[in-house]
1. Suppose we keep only residues that are out of contact with any strand residue (DSSP E or B) (no Cβ under 9 Å at 6 or more places or on another chain) and among the acidic types (D, E) within the stretch 191-214. Which one would you say is farthest from D177 (Cα to Cα)?
2. For the stretch 473-482, enumerate the residues that are surrounded by fewer than 18 Cβ atoms within 10 Å (Cβ to Cβ) and not charged (D, E, K, R).
3. Quick one: which strands (runs of 3 or more DSSP E) sit completely within the stretch 1-110 and have at least 1 residues that are touching a His at 6+ places or on another chain (Cβ under 8 Å)?
4. Being out of contact with any Phe, Trp or Tyr (no Cβ under 9 Å at 6 or more places or on another chain), among the β-branched types (V, I, T) and crowded, with 20+ Cβ neighbours inside 10 Å is the filter here, so list the residues in the stretch 91-130 that pass it.
5. Suppose we filter the stretch 197-212 for residues that are surrounded by 20 or more Cβ atoms within 10 Å (Cβ to Cβ) and either out of contact with any helix residue (DSSP H, G or I) (no Cβ under 6 Å at 6 or more places or on another chain) or in a helix (DSSP H, G or I) (or both); how many remain?
6. Spot the failing condition for I455; the list is (1) within 17 Å of T413 (Cα to Cα); (2) in contact with a Gly (Cβ under 8 Å, 6 or more places away or on another chain), and only one is missed.
7. Considering only the stretch 105-126, state which residues are in contact with a strand residue (DSSP E or B) (Cβ under 6 Å, 6 or more places away or on another chain) and over 18 Å from G68 (Cβ atoms).
8. In the stretch 359-384, what residues are among the aromatic types (F, W, Y) and under 23 Å from the mean Cα position of the chain (by Cα)?
Amino acid sequence: MKNIKKIWHEIYGDLYEDADKMLEPFLESIEAVKKEHFSQVSTSDHTWYKDAVVYSTYGDLFNKDLNGLKEKLDYIQDLGANCLWLLPILESPMKDAGFDISDYEGIRASLLGLPEEATSEEKNTKFIAFIDEAHKKGIKVIFDIAMNHCSIEHEWFKEARKSKDSPMRDYFIWSTDTSLYKEARIIFKGMCDSNWEHDPTTDEYYFHRFFEIQPDLNYRNPQVLIKMTKALMNWQIKGVDGFRADAVPYIWKEEGTICENLPKTHKVVQFFRAVLDYLKPGTLLLAEACQPPKEVVDYFGEDNECNGAYHFPVMPRVYKAIAEEKKDAIEMVLQPSFTPDIPKNSQWFMFLRCHDELTLEMVTPEERKYIFDHYAKDPSWDFRQGEGISARLADLMDRNLDRILLANSIMFTLLGTPIVFYGDEFAKGNDIAYYEKMYKETGYKDTRYLGRGTIDWPEVEAKLADAESLEYKTYHGIKKMIEIRNNYKVFGRGERIFIDVKDEKGDINKAILAYERTYEEESVLILQNLSQKEQHVLSPELNEMAQDLLGQKMIWKANKLVLPPYGYHWC
């Protein structure tokens, strides 16, 4: 409790004379929640996320609604995933796939198979039953919550725009002109022209970093921080195991700055973490911060901010390495000079694809052009004027099984906790019909919808029953990787040492990405051929092993291990 008070004072002590007194009612509410719901604190491992395999999906697109998803929990369990990341499920007018939240404490009734007029109690009962069923199957559940902004349909904003004297006016950032925060970049280039939107009701402008239908919250107002923290507490009570904190770098604004990664942003995140830990240690707070690693590591703090964070820069380098057929890009991005060490209990999260574009923000201009030119095979895949590529993994890899599985081998062994984007496990392709549908509904030419879309389960199940199909081979290849990963803690907790493999001339063979993972008594050697040509590896320590951990036959010629094109071994 002292820590919560301390952080609060560091945020608001210089802004309000009575800042500490303003916190007292909230502290009382925390104590009441702890006494009623969290009096028995679990002694289980609070770093469970290090051993997780995350499955990311939409509650509706996966199988109609959460009832349909509940019926498919056995599928997710059988795949081997043990953490379910639900993409936006909170109340929303759905102008930005649910990231435009209109109620932080309610789930969309349609996702629960309920009529729009369903009561909060009815919705809560359904959702808690879903959580309980997932937990029975050993699956943790986390979901998205946008921390920086809400929807123009949120009651706070609807009240705020009624009058300049509205008590909720200060929940948002207003100005009579657009001269403030000039240094803040426009994130949705090509879709938004400004970070300010005129509101005719009061003839003022409100500030937004994303779409104009998503006004930024004003955390300078202490009530905003309290209400957002209470929303997190509300979902903790219902059994949610963690939160993907969307858009955290933009939380705090200061004139004369770019309004990203500011010191008080970190204090706000520390406040969230302190409260979550006080009630239920081990609740995951996952930072969605598309920033250079040297800045992202600040969101771990001293193990007092986020437990996990996405490593955005390593993902595009995986694609670059496969395109170049050499390992340099991957090894470079994971050098300590580029990716600093993180606290012991913190974790990087790794992904190949997600609900957003293949972002190229965190690469150099030269790398951006190279990756874009190589992988943006259709002009419609362009996102944000060359800063990203909207496409599914299977399409990016030309529906080539070997390249798809190679990329997954890298994801499951290279770094931290892996995330499987729904459908990628069976080579789901781009969904043009879904993109066109959402364009008609939202009015935004947001090409990210290409990589989303629904699943036709009868069609998928037919493909998964056909041993010759790409879907079958992809699914069983990925399932085997997850099975082996789940049997070894080394992949989520171990150290990684890159290994240079030499060719016959004694030169480094840059086509082979090799590293050893070690943790306590466990040690696993990973060998991966990034090229479309067969490679030979002299590896006396393997002593002509017959098969690897994945059950793959290992072929030897003249005492050298043969790696087929895009082949890999876990030994």
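1. Here the answer is D193.
2. H476 - this is the single residue of the stretch 473-482 that is surrounded by fewer than 18 Cβ atoms within 10 Å (Cβ to Cβ) and not charged (D, E, K, R).
3. 54-57, 103-107
4. I101
5. The total comes to 6.
6. (1)
7. G106
8. Pass one, the stretch 359-384, residues among the aromatic types (F, W, Y): 370, 372, 375, 381, 383.
Scanning the stretch 359-384 gives F372, Y375, W381, F383.
The values are calculated or read from the model by the stated rules, or taken from the named source; none is laboratory data. Keep in mind that this is a model prediction, so the values were computed, not measured. Heads up, the Cβs are rebuilt from the backbone with ideal geometry, glycines too, and the neighbour counts pull from every protein chain shown.
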